[in-house]
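The values are calculated or read from the model by the stated rules, or taken from the named source; none is laboratory data. Keep in mind that what you see is a predicted model, and the values were worked out from it rather than measured. Heads up, the Cβs are rebuilt from the backbone with ideal geometry, glycines too, and the neighbour counts pull from every protein chain shown.
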Amino acid sequence: MIFESEYHVEIPSIDLLSFLFSRTPFKDDDPIWINPTNTANHVTLAKARDLTQRIGQGYRDLGVGAKEAGKDIVVTYVENQVMVAPNTLGVLCAGGIHATCSVTATAFELARQIRLSDPKVLVCSPQTRKAAEEAITQSNTAVRLVMMVSDDLDIVDAGSKSIISERKLEWQRITDPEVLQKTTACLVYSSGTTGVPKGVVTTHANIVANLCQMAFFFDHFAEKAIREGVYLRMPGVMQNAVAVGIYVQTMLALQCGMQVYMFPKYDFSSLMASIKKFQLSACFIVPAIWNRILQECTREDVASIRFAMSGASPLPLPLQLKMHDMLPEGVVLRVNWGMTETVTAASQPNVTEVDREGSSGRLLPNMQAVIMGPAGEKLGHNEPGELCIRGPNIIKEYFNNPEATRAAYTPDGWFRTGDIAHFDRNGKLYIVGRSKELLKYKSFQVSPTEVESVLGQLPGVVDVGVIGVPDGQGNDLPRAYVVRSDKPPRLEEKDIHAFLNPRVSHYKRLRGGVRFVDEIPRNLNQKIMRDVLKQWVEREHGQKDNFKARL
C-alpha cells in the first residue's frame with residue numbers, strides 16, 4: 001500500500017538564492033540574525049543581500065565556482081553567530097557548495113572531513129582557528145583558511161585582510177529543472193548514531209522543495225504574527241552544522257519572516273532568560289530541553305511562545321500533553337519527523353491539529369511513503385515496518401559514496417529511512433524505533449525508544465538512553481543509562497524499576513540494570529549515540545557505575 005500526502009504545494013523551478021530573496025517578507029531595515037548579547041550586532045535584509053553578493057565575489061576571487069557551479073566546497077567550522085547566514089548565502093552566490101563541520105569536532109575529525117570532501121576554503125572563527133590550522137596540517141591539503149569575525153561583519157584571511165569584495169557578484173539564475181536537480185547547494189556530514197560520517201548531498205531543487213513543504217504549514221504562524229505587527233523570534237540554539245541550523249535558522253527564517261537570535265553555545269539558563277527578555281516566540285528545540293522546561297520553569301517563562309516544535313528524537317506523549325497545558329492558550333507542542341536526507345522535516349501536524357495520540361503528524365505536501373515488511377512486502381494501516389519514502393526533497397546520493405547510496409534505496413526507488421513506523425487510518429505517522437536498534441529478548445523485540453519514552457515521563461529523569469547488554473545466551477538485556485535531576489528527592493535505581501515495570505510488558509523490563517550518568521552521548525542532531533553506550537557496556541567491568549560521556 002502506498003501512503004500519499006493529502007496536501008499539494010507548487011514548487012517553483014528556481015535557484016535557492018532567487019527563491020529566498022524574492023519570497024522574504026522582511027523589509028530592508030529589519031534585523032534578521034541578531035546577537036543576543038549585543039543586539040546592535042545584527043544583519044538586516046539589506047545588509048544580507050549586500051553581503052551575499054560581496055562575499056560571493058570574494059569567494060569567486062579565491063576560485064570558488066570559477067569553472068562550474070556546484071563543484072567547489074567551502075567548509076564552515078564556526079560557532080553560531082550573525083555572519084553564519086550571510087556566509088552561507090555568499091558561498092551559494094559564488095556557485096560553491098556550503099559544507100559544515102561541528103565546532104565540537106577535534107582537529108583530527110576536521111582533518112578527516114577535509115580529506116573526504118577536498119574543500120577549496122575552510123572558514124574558522126577566532127575560537128576555532130587553532131584547531132582549524134592543526135587540521136589543515138594533518139590533512140596535508142592546500143585548503144585556504146579564512147576567519148569569520150561577526151563583531152565586524154567581516155571575513156578575513158590569515159593576514160587579517162578582508163576577503164569581502166567591494167564588488168558585487170550576480171549569482172547565476174537557474175530555472176532549468178534538470179540543472180536544479182543536479183546542482184549541489186549544501187553538503188552536510190551526518191554521522192548518524194554510529195560515528196561513521198556520510199556526506200548528505202542536497203541540491204537547489206531538494207532545498208527549495210522542502211522549504212515550500214515546510215512553509216505550507218509554517219507560513220500560517222509567521223503570517224499571523226506579521227498581521228499582528230511583529231515577526232516570530234527564534235532562539236538559534238541548534239548548531240549551524242546540522243540541518244536545522246542551515247535550513248531553518250538561515251533559510252526558512254529568511255523565507256517566512258522569522259528573526260533568529262544566534263546563541264554561540266547552548267546554555268539552558270541563558271536560553272530561558274533570553275526567551276523572556278526578547279519575547280522569543282518560535283521554538284524549534286529537542287525533547288530534552290522541553291523536558292527540562294517542564295521540570296524547572298513556569299507558565300510565565302514560556303508566555304511569549306506562539307509556535308512550539310519538537311524534533312530530532314522521540315517525544316514522550318505525556319510530556320507533550322503537559323507542555324500543551326503549560327504553553328499559552330491556543331499554542332500546542334508540535335512533533336515532526338525528518339532526517340538530514342529529507343533536508344529537514346518530512347511529516348508534521350497540520351495547522352489545526354492538536355495531537356494527543358503520540359504521532360509525528362502527516363506527510364508533508366508532495367510526499368509518498370510505504371511501510372516495508374521483512375520480506376519487502378508493502379504493508380497496510382497499523383502494520384509496523386520500515387518506513388520508506390519518496391518526494392522532491394529526498395536526496396539522490398551520498399557524497400562520493402556509491403555503496404551507501406545504493407544501500408539507501410529499494411530496487412523500485414524508495415528511500416529507506418531505517419525507522420520502524422506505521423500509519424493509522426487517518427493518515428497519521430507513528431515512529432516506533434530504529435530497525436538496527438531493536439533488542440531481542442527470548443524471541444521478543446524491544447524498542448529502546450519505547451522504553452526511553454516511558455522513562456522520560458518519570459519526574460526527575462532529565463535524559464535517558466537504553467541499550468541491550470548481552471547475556472551470553474543470545475539475549476539483549478535492556479539497560480537504562482539515566483541522567484537524573486539534582487533536585488530532591490533524588491532518584492534511585494529502585495524508583496526507575498518501580499515506575500517502568502507496571503507500564504510495560506515483562507520482556508521490556510530493565511534486566512540489564514540502571515546506570516546513572518552525567519550526560520547521554522548525542523550527535524549533532526540530538527540522536528543517542530548508541531555505539532558509545534555499547535562502549536560503556538564493554539568497558540564497565542571493574543569501573544564505577546557513574547562515569548561521564550565521552551563527547
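Among the conditions (1) charged (D, E, K, R); (2) in contact with a strand residue (DSSP E or B) (Cβ under 7 Å, 6 or more places away or on another chain); (3) over 22 Å from L180 (Cβ atoms), the only one that D50 does not satisfy is (2).
Against the list (1) within 27 Å of T340 (Cα to Cα); (2) small (G, A, S); (3) in the same structural domain as S190 (by the TED database), the condition S5 fails is (3). Residues of region 277-297 that are closer than 17 Å to M323 by Cα and either assigned to a helix (DSSP H, G or I) or assigned by the TED database to the domain that holds P489 (or both): P287, A288, I289, W290, N291, R292, I293, L294, Q295, E296. Of note, Y7 satisfies the criterion of being of a type in the set (F, W, Y), in a loop (DSSP other than H, G, I, E, B) and in contact (Cβ under 8 Å) with a residue 12 or more places away in the chain.
Scanning region 280-337 for residues that are at negative phi and of a type in the set (G, A, S) gives S281, A282, A288, A303, S304, A308, S310, G311, S313. Among residues of region 159-178 that are touching a residue at least 24 places away in the same chain (Cβ under 8 Å) and farther than 19 Å from P86 by Cα, those with a Cβ under 8 angstrom from a residue that is surrounded by 16 or more Cβ atoms within 10 Å (Cβ to Cβ) and of a type in the set (D, E), sequence gap 6+ or separate chain, pair up as I174/D15; T175/D15. Of the strands (runs of 3 or more DSSP E) lying entirely inside region 140-249, those carrying at least 2 residues that are under 23 Å from T24 (Cβ atoms) and not basic (K, R) are 184-190, 198-203, 232-236. Looking across region 476-495 at every residue that is part of a loop (DSSP other than H, G, I, E, B) and not hydrophobic (A, V, I, L, M, F, W, C), the one that is modelled with the highest pLDDT is identified as E492.
Within region 10-38, the set of residues being charged (D, E, K, R), part of a loop (DSSP other than H, G, I, E, B) and either under 25 Å from the mean Cα position of the chain (by Cα) or over 28 Å from I275 (Cα atoms) (or both) comprises E10, D15.
Looking across region 208-238, not a single residue is surrounded by fewer than 24 Cβ atoms within 10 Å (Cβ to Cβ) and polar (S, T, N, Q).
Examine region 340-355 for a residue that is buried (at least 22 other Cβ atoms within 10 Å of the Cβ) and closer than 16 Å to I420 by Cα, and state whether such a residue exists. Looking through region 340-355, at least one residue is buried (at least 22 other Cβ atoms within 10 Å of the Cβ) and closer than 16 Å to I420 by Cα. Do we have any residue at all in region 356-373 that's in contact (Cβ under 8 Å) with a residue 12 or more places away in the chain, under 23 Å from V302 (Cβ atoms), out of contact with any strand residue (DSSP E or B) (no Cβ under 6 Å at 6 or more places or on another chain) and crowded, with 16+ Cβ neighbours inside 10 Å? Yes, region 356-373 has at least one match. For beta carbons closer than 8 Å, sequence separation of 6+ or different chains, a first residue in region 22-38 that is without any contact (Cβ under 8 Å) to a residue 40 or more places away in the chain and a second that is of a type in the set (A, V, I, L, M, F, W, C) and surrounded by 18 or more Cβ atoms within 10 Å (Cβ to Cβ), the qualifying pairs are S22/I14; K27/L45; D28/L45; D29/L45.
Of all residues in region 123-172, exactly one satisfies the criterion of being among the β-branched types (V, I, T), more than 19 Å from D72 (Cβ to Cβ) and surrounded by 21 or more Cβ atoms within 10 Å (Cβ to Cβ), namely T128.
Flag: Q138 does not match the condition of being under 27 Å from the mean Cα position of the chain (by Cα), under 30 Å from D531 (Cα atoms) and assigned by the TED database to the domain that holds D50. Restricting attention to region 371-412, the residues being closer than 30 Å to V179 by Cβ and of a type outside the set (G, A, S) number 21. Restricting attention to region 334-376, the residues that are within 21 Å of the chain's Cα centre (by Cα) and assigned to a loop (DSSP other than H, G, I, E, B) add up to 13. Restricting attention to region 411-469, the residues being under 19 Å from K534 (Cβ atoms), in a strand (DSSP E or B) and at pLDDT below 85 number 7. Consider region 512-532 and keep the residues that are more than 22 Å from Y189 (Cβ to Cβ) and of a type in the set (A, V, I, L, M, F, W, C). The one that is surrounded by the fewest Cβ atoms within 10 Å (Cβ to Cβ) is F516.
Conditions tested, residue by residue: (1) of a type in the set (D, E, K, R); (2) outside the structural domain of L122 (by the TED database); (3) crowded, with 24+ Cβ neighbours inside 10 Å; (4) in contact with a Gly (Cβ under 7 Å, 6 or more places away or on another chain).
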site: I32; (1), (2), (3), (4): no, no, no, no
site: P36; (1), (2), (3), (4): no, no, no, no
site: R49; (1), (2), (3), (4): yes, no, no, no
site: G56; (1), (2), (3), (4): no, no, yes, yes
site: V64; (1), (2), (3), (4): no, no, yes, yes
site: V84; (1), (2), (3), (4): no, no, yes, no
site: L89; (1), (2), (3), (4): no, no, yes, no
